[in-house]
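Report on the structure given below.
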Amino acid sequence: AVNTIAPYLLTKQLLPLLSKQGRVINVASAAQKTVNIKALLGKETTLNDLDAYSQSKLAMIMWSHIMSKLIDYKKTVFVSVNPGSLLCTKMVRESFGVEGKDINIGVDILLRLAIQEEALTISGKYFDNDCRQYILPHQDVLNNKKCSQVIEAIETII
């Protein structure tokens, strides 16, 4: 709900206000796993925490990619970003038992994408800050049928 549905719903509500050079920057993760639609709909509850997290992050990248095709990039840019793996967050400390890397690594890329002009040309792309470049997303992002199933499931929920 927090990683996929809430940002989707918030984006839909704010979209009319983002009509000129708006930017939707979805904080994704290097942890990505094929989305189980039944789990997304709450009909399957056997996922462990990491699988649920990984699927939710991929689902967000998928809808962000589709939105970039539906909305003119001159009006609103959609980009997904892995701000950096194992940054110093509460989640990393509690889940992995490590302190993590400097959180400013993630802050810096998010600020860059939010305010630099280059962001106007990157709608629909996925930036991986671990390798500091735009890379091809998980193969499911390029599968229109799977992306449509994710969006249909989210729409069913909201």
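The values are calculated or read from the model by the stated rules, or taken from the named source; none is laboratory data. Model, not experiment: these values are computed from the prediction. As a convention, Cβ positions derive from the backbone with ideal geometry for all residues, glycine included, and neighbour counts pool all protein chains shown. Remember, those area values only see protein heavy atoms, side chains included, never the ligands or the DNA or RNA. Shrake-Rupley method; radii C 1.70, N 1.55, O 1.52, S 1.80 Å.
Tabulated data
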quantity	calculated
Residues satisfying the stated conditions in region 102-146, i.e. more than 21 Å from Lys74 (Cβ to Cβ), out of contact with any Asp or Glu (no Cβ under 8 Å at 6 or more places or on another chain) and among the charged types (D, E, K, R)	Asp102, Asp108, Asp128, Asp130, Arg132, Asp140, Lys145
Residue within region 124-142 that is of a type outside the set (S, T, N, Q), in contact (Cβ under 8 Å) with a residue 24 or more places away in the chain, open to solvent by less than 10 Å² (accessible area, probe 1.4 Å) and not in a strand (DSSP E or B) present	yes
Top-ranked residue of region 143-158 - restricted to ones that are open to solvent by 50 Å² or more (accessible area, probe 1.4 Å) and among the aliphatic types (A, V, I, L, M), ranked as nearest to Leu41 (Cα to Cα)	Ile157
Region 9-53 - residue that is in contact with an Asp or Glu (Cβ under 9 Å, 6 or more places away or on another chain) and in a helix (DSSP H, G or I) and, of those, most open to solvent (accessible area, probe 1.4 Å)	Lys38
Leading residue by the ranking (modelled with the highest pLDDT) among those in region 86-107 that are part of a helix (DSSP H, G or I) and surrounded by 14 or more Cβ atoms within 10 Å (Cβ to Cβ)	Ile105
